[in-house]
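Colleague: I have a structure I would like to understand better, so I am pasting it below and will then ask my questions one at a time.
The values are calculated or read from the model by the stated rules, or taken from the named source; none is laboratory data. Fair warning: this is a prediction, and the values are worked out from it, not measured in the lab. Areas reflect the complete protein model, heavy atoms only, side chains present, ligands, DNA and RNA absent. Shrake-Rupley method; radii C 1.70, N 1.55, O 1.52, S 1.80 Å.
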Amino acid sequence: MPSTSPAPRVLHISTDSVGVIVITTDAAVADWLNSYLGSWWTVRELPTPDGVSGAPVLRCDLDPAAYRFAHEQVSCAPHHVVEFARRPILVAGRSHPVHAVDAGAQVAYHTMDGQQVSLVAADSLELCLAAARIARELVRVQLEADGWAILHASAVVRDDAVVRDDIALLTVGPKGAGKTTTALLLACAGWRLLANDRVFINPATLALLPWPAAAALGIGLLHAHGLLAGVRQRLTTGHRLHPTVNPTVVAAISAGRVDALADEHGKELKPQFFPHQLVDWLGLRLARSATAGQLLFPRIDPTGQPGLEPAARSLTSTDFFDPAADDRYPDFLRLARSSTQQRQRMWVHVRQRVAALPHRGVRLNHDTARSRQLLATLAAQ
């Protein structure tokens, strides 16, 4: 009797000179990766995986029985617990091979060598979420091995007809400094958004590449830019934000709330947008690459006036994403190809190269028109 199993779909996800092959029998995974990663990286569907040599392979299958078997195996073996994407993961193996399960999401992970990774899950949506995260990790470790570093920064791009390159303004700072505010101010003025929170930088060329991720934009920030009404209209007609959004956020926007929303611990709750929703819902333009042109170090002062700060600082090690210490995406599958020492040497190289770029400290407030005018003036210099 002929098999009724669906034919696997094969995707090649790439940026710069690196990529990953994803093979899945779940059509939802292929569609999700196109939607989530395809706005900033290149996603191509292939007839077979044979046309791309040397790329790591990620296999994703919806298979509840295989998940249950993997869960039993990991639970019975010596294991430790790590938190990945704010979920507890049981991990058996501190070196290859690695077997791991997310019991809450019912997703199992396995890799023998970091080059071949398999995911099995009991739920299609959870498989989609895990596939996007691991595919991104497999690309990240290759870029780092090629000398790229990751900055905690937003980036927007203007088209420069004189130098024929796309010149980016990088906004650097800790959480809450104003990276997203700065990017959205200029993106709403016609600049192209390259990064909302993290960006790859190559110190040899100062080239920039995006880190595909859902964009968290506060309710108050969206309202200040005149974007919230359009989001509300989408939600009330059945469209959905990224599934990790707290339902309280959707309810608040649908009910007409326009100010910031916080949880019981005071943490702001924000809508999370798929990359393509930044275009389709918010009318922004996205960029796939650029060259760093200048650095801004912002500070939000609601009671002050927009203007330059007396002095701008330089980059420090805290401005770089460190997967060895990251508390959201730890490398529990041991995918990394670069050591901590190699990564830190690359940070020094980045700091040396960007030191020649203009550095400016800038003070912004909640007057979007005046803040945008200040940023546009600085960017034109």
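Colleague: Go through (i) 1.01; (ii) 0.97; (iii) 0.94 and flag the label whose value is the computed Rg/Rh (Cα atoms, Kirkwood Rh) for this structure.
Modeller: (ii)
Colleague: Over the chain, with the other protein chains present, what is the accessible area per residue in square angstrom, probe 1.4 angstrom?
Modeller: 44 Å²
Colleague: Of the heavy-atom accessible surface of the chain (probe 1.4 angstrom), what whole percent is carbon and sulfur?
Modeller: Taking all protein chains in place, the chain shows 51 percent carbon and sulfur surface.
Colleague: Moving on. Could you work out how far helix 124-145 tilts from the main Cα principal axis of the chain, as a 0 to 90 degree angle to the nearest 10?
Modeller: 70 degrees
Colleague: Still on this structure: Among DSSP bridges having both ends in the chain, what percentage is antiparallel? Round to the nearest 5.
Modeller: The answer is about 70 percent antiparallel.
Colleague: While we're here: Read phi for every residue in the stretch 74-91 and hand back ³J(HN,Hα) as whole Hz from Karplus 6.51 cos²θ - 1.76 cosθ + 1.60, θ = phi - 60°, with x for Gly and Pro.
Modeller: 5, 4, 7, 8, x, 8, 10, 10, 10, 9, 10, 6, 6, 10, x, 10, 7, 10
Colleague: Follow-up. Ranked from the most accessible area to the least, with a 1.4 Å probe and all protein chains present, what is the order of R353, R136, R345, R240?
Modeller: From most accessible down to least: R240, R345, R353, R136.
Colleague: Taking Cα centroids, how far is the stretch 15-80 from the stretch 211-227 in Å?
Modeller: The two parts, judged by their Cα centres, are 29 Å apart.
Colleague: When the helices in the chain are scored as -39500 (n - 2.57) per DSSP H run of 4 or longer and the sum is shared across all residues, what 222 nm value do you end up with, to the nearest 500 deg cm²/dmol?
Modeller: Mean residue ellipticity, 222 nm, calculated: -9000 deg cm²/dmol.
Colleague: Hey, what did the stretch 79-177 get for relative contact order, percent, Cα under 8 Å, at least 6 apart?
Modeller: Relative contact order, the stretch 79-177: 12 percent.
Colleague: In addition: With an 8 Å Cα cut-off and a minimum separation of 6 or more residues, compute the relative contact order for the stretch 210-296 in percent. Before the final figure, lay out the partial values.
Modeller: Details: 92 pairs, mean separation 34.8, N = 87.
In percent, rounded to a whole number, it is 40.
Colleague: Spelling out what I want: for every residue of the stretch 323-338, take phi, set θ = phi - 60°, compute 6.51 cos²θ - 1.76 cosθ + 1.60 (Karplus), and round to whole Hz; glycine and proline get x.
Modeller: 3J(HN,Hα) across the stretch 323-338, in whole Hz: x, 6, 10, 5, 9, 10, 10, x, 8, 6, 8, 6, 8, 4, 10, 10.
Colleague: Search the structure for amide H atoms under 5 Å from the amide H of F321, placed 1.01 Å from N in the peptide plane, and list their residues when 5 or more places away or on another chain.
Modeller: The answer is I150, L151, H152.
Colleague: Below 8 Å between Cα atoms, with a sequence gap of 6+, how large is the relative contact order for the chain in percent?
Modeller: Contact order relative to length: 17 percent.
Colleague: What ranking of E137, E83, E309 comes out by heavy-atom accessible area, probe 1.4 Å, highest first?
Modeller: E83, E309, E137
Colleague: Right, something else. Averaged over all directions, how much area does the convex hull of the C-alpha atoms of the stretch 173-264 cover when projected, in nm²?
Modeller: Dividing the Cα hull surface by four gives the mean projection, 7.3 nm².
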